[in-house]
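Just so it is clear, none of the values below were taken in a lab; they were calculated from the coordinates. All values derive from a computational prediction rather than experimental measurement. Reconstructed Cβ throughout: ideal geometry from the backbone, glycine too, with neighbour counts over all protein chains shown.
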Amino acid sequence: MRLLPFQVPVGIILLSLAAFPISYGVNSVLSLSDPTAIALTGVAVLLGMFATTYLQSQGKPPQDPLFYVFAVFAFTSMVDLIIWLEQDGYISGFMEFYMREGEPYLRTSYGIMICLWDGTTHYLLYLAMLGAIHQRKSYRSLGLYWLGSLMMSLIVFLPGNVIGKFGTEIRPSFLLNIPYVLLPVWAGMRIFREPRSIVYTPAEKAVDEHRKSLLQRPQDLVLFVYLLVTIAFTLFRGLVVLDCPSDSCFNYVYQYEPYLKDPVAYPKVQMLVYMFYALPLFCLCLYGLVQPGCTWMLDWTLVLAGALAQAQFSHVGASLHRRTPYTYRIPTDTWWLFLVSNALYALGPHLLAYRCLRSPGFFTSTAPAVQDNDKKQK
């Protein structure tokens, strides 16, 4: 099977789709009511998937150990897709026991949205990266985008579970999220160490790009202005969830985005993550658009794009979902402004990452090339 430019092993796809019969069988055969037993069942299933993946790939062992991680995560993505299908009423009888005594906070609108994102976007990314590893090709760009997306979901979802209204319903199955914290950190370290696969820029052209000011680069100027507006919007929404007493904050939360006051706490944590993590990165990107040779822009813009895509999809989707109480949904007379502003908030980082990858000359270092030219002239 082909996905993007990569050929994905059929066995891995079938293994991930096994989530449907496995979850249906467990839900039908076992009537689990003990939260500890449910957590142990989840651990047993994950270990079984890892062992099956390992045995299945022994004919042609992958050189990258992340192959096994992505294969198991692809299986759990299908589990999340099942949760979304069941919670939105498309299927039934698959994950009822787990939603009741395992992780009940997944029944919230935000929980449903992150399950949908994991079961679609993350699943496709896993298959693409598995195909790249199978063909021994680079998946660095996909990996950085996935890393930003997954880490953003974790740093919002896990604290939101604890401090929100479901904080008293934390069960042992909550510990099943630990691999999703540790393994992505390890995977990110490996991905960052991989060599970049970018468009080659001749040294002379890179030097010419470095000499151009921001006004001589119209695309970068537009991105610079976008980042300034994004920084202001990020700071403003952070102040809103921190209960800023100004009239503008009060009017915004009640007229445009009442979801920020939902007691589930996910939107509040999301805005604080934006303010304390995304905002500094936005400021660094401003610097990277002005100062030539910031090679880190080639990587971190991809991480930022993945993080904003996941965050905005989940936030906007939860704001409009029927599981959100009516008083916290977006008002019908301002929903278009809400959608446009949040869509632009997610689109900008993608345009910035695309600009860095397609024309990286301004962000590459030219020091070695300049030194070599000086030596030749001498």
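Some values worked out for this structure:
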item: The range 317-324 - phi-based ³J(HN,Hα) in whole Hz, Karplus 6.51/-1.76/1.60, Gly and Pro as x; result: x, 5, 5, 9, 6, 5, 6, 6
item: Relative contact order (%) - the chain, alpha-carbon pairs under 8 angstrom, separation at least six; result: 21
item: Gain on full stretching of the segment that runs from S138 to L55 - 0.36 nm per residue minus C-alpha separation; result: 27.5 nm
item: Distance between modelled label sites at L344 and V225, nm, 7 Å Cα→Cβ extension; result: 1.1
item: The chain, Cα convex hull volume normalised per residue, Å³; result: 152
item: Value in Å of the Kirkwood radius, where the range 203-368 supplies the Cα pairs that are averaged; result: 17.2
item: Phi-based couplings in Hz for the range 249-255 (Karplus 6.51, -1.76, 1.60; Gly and Pro marked x); result: 5, 5, 5, 5, 5, 9, 9
item: Alpha-carbon Rg/Rh ratio, for the range 2-193, with Rh computed the Kirkwood way; result: 0.96
item: Long-range tail of P(r) for the range 1-111 (Cα pairs > 18 Å, %); result: 54
item: For the range 235-262 versus the range 207-221, the gap between their alpha-carbon centres in whole angstrom; result: 37
item: Fully extended contour minus Cα-Cα distance, from R358 to R100, at 0.36 nm per residue; result: 88.1 nm
